[in-house]
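Here's the structure, in C-alpha cells; my notes come after.
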Amino acid sequence: MSTASTHPRSAAAVARSSAGFTVVELLTALVFLGVAMVGVTAVFAAHNRAYIGLDTRLAMETNLRIGMDVVTDTLRDTGYGVETSVVNWITWVPGFVANPTITVGPPDTLSSASSTAQEVAQLAARAPAGATAITVDDPAVIAPGALGLLLIDDSENALVVGAAGTILTIDTDPTVAGNQGLSRAYPATTPLRRIDVTTFSIGTDASGYPQLMRNLNQGGGAQAVVDGINDLQITIVAAAEQYAVVLGAQSARPDPRTGAVVQQTLQSDVTLRN
C-alpha cells in the first residue's frame, strides 16, 4: 500500500501570496491616476471655456439682432402719416428739424416720427369742414404737446393746441397764423391716429455697461431696450428714401479663452415705406 506524498507550500510562498500590493506599486498606481485626472480636468476646463465663449458670443449676437430689428422697424415707418415739413408740427423734440433727424456721433442719435400702428381714439361726433374743434371719445391719449399731433382718417394732420374735456381745439396748418380748420367733413367714429417721435441713442447702465436706449419723447425719458449695444451709426444712402444702419455690440464678459471682450457689428439697409 502506497501513501500519497504531500508537498506543503513554503512559508515564504504563503507570505508572498497574502501580502497584497507593495508601497511602490501603490505609489505607481496613484501617479498614473493623478496624471489621468490632470488630463481629464484639462479637457473639461477647455470644453467649459469653449462653451462659455460660445454662449457669450451667442448672447451678444442675439442682442445685436434684437436691437437691429427695433431700430430698423421704427426707421422703416419714418414719415408715415406725417407732413414732410416737421419743423412747425413737432416742437416738443429739441433739434427735430427733419424726418428722420440724425445727430452725428459717434455714436449717432436717431429720431423718427410716424403714425401709431393702431388708432388711439375716434371722433365722438361729426366734424364739419372748416371746423377748428373736434370731439373725441378718449381724450386721455390726446393732449397738446407730445400727444397732440393727430392723423385724421389716414388723410389729414391736425395739431392739438387746446383741450377742454373731450373737445379739442386743432390747427391743420401751423405755418399760417391762427387755427386753420379741417379740409373736409368727417363722420362720427372716424379713426384718429397719433404721430409719435422715437429717439434712439447709446447709453450705459449703473455699472457702465452699454445699452441701446429709446425715448418716446412723452416725458418718460430714455429707457433701455437692449443691453450690450455700444455703437449706432446711420448713413444716408438716399435722403428720405434709404439708410444704412450699423450697430456695434460688446460681450457682457471677456472670452475665457482670450481674456478679451468680444466686439461685433451688424449692418442693415432700410428703405422707408413712403
Could you tell me whether any residue of the stretch 97-109 is modelled with pLDDT of 95 or more and touching an Asp or Glu at 6+ places or on another chain (Cβ under 7 Å)? yes
Where in the stretch 58-174 are there strands (runs of 3 or more DSSP E), lying wholly inside it, with at least 3 residues that are closer than 12 Å to ASP196 by Cα and under 19 Å from the mean Cα position of the chain (by Cα)? 109-115
Please enumerate the residues belonging to the stretch 211-234 that are at positive phi and either polar (S, T, N, Q) or in contact with a helix residue (DSSP H, G or I) (Cβ under 7 Å, 6 or more places away or on another chain) (or both). ASN217, GLY228
If you scan the stretch 235-255, which residues turn out to be touching a helix residue (DSSP H, G or I) at 6+ places or on another chain (Cβ under 8 Å) and crowded, with 20+ Cβ neighbours inside 10 Å? TYR243, VAL245, LEU247, ALA249, SER251
Give the residues of the stretch 157-177 that are surrounded by 16 or more Cβ atoms within 10 Å (Cβ to Cβ) and out of contact with any helix residue (DSSP H, G or I) (no Cβ under 9 Å at 6 or more places or on another chain), sorted by residue number. ASN157, ALA158, LEU159, VAL160, THR169, ILE170, ASP171, THR172, ASP173, PRO174
Consider ARG273 carefully, then state whether it is of a type in the set (Lys, Arg), within 22 Å of the chain's Cα centre (by Cα), outside any strand (DSSP E or B) and under 17 Å from THR101 (Cα atoms). yes
Tell me, please, whether a residue that is more than 21 Å from GLY219 (Cβ to Cβ), at pLDDT below 95 and among the hydroxyl-bearing types (Ser, Thr, Tyr) can be found in the stretch 135-149. no
Applying the selection to the stretch 240-271, what residues are within 15 Å of PRO210 (Cβ to Cβ) and in contact with a strand residue (DSSP E or B) (Cβ under 6 Å, 6 or more places away or on another chain)? VAL246, LEU247, GLY248, ALA249, GLN250, VAL261, GLN263, GLN264, THR265, LEU266
Hits in the stretch 86-118 - residues which are surrounded by fewer than 17 Cβ atoms within 10 Å (Cβ to Cβ) and of a type in the set (Phe, Trp, Tyr): TRP92
Only one of ASP171, ASP227 is touching a residue at least 24 places away in the same chain (Cβ under 8 Å) and under 22 Å from SER85 (Cβ atoms); which? ASP171
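The values are calculated or read from the model by the stated rules, or taken from the named source; none is laboratory data. Quick caveat: nothing in here was measured; it's all calculated off a predicted structure. A quick note on method: Cβ atoms are made from the backbone with ideal geometry, for glycine too, and the neighbour counts reach across all protein chains shown.
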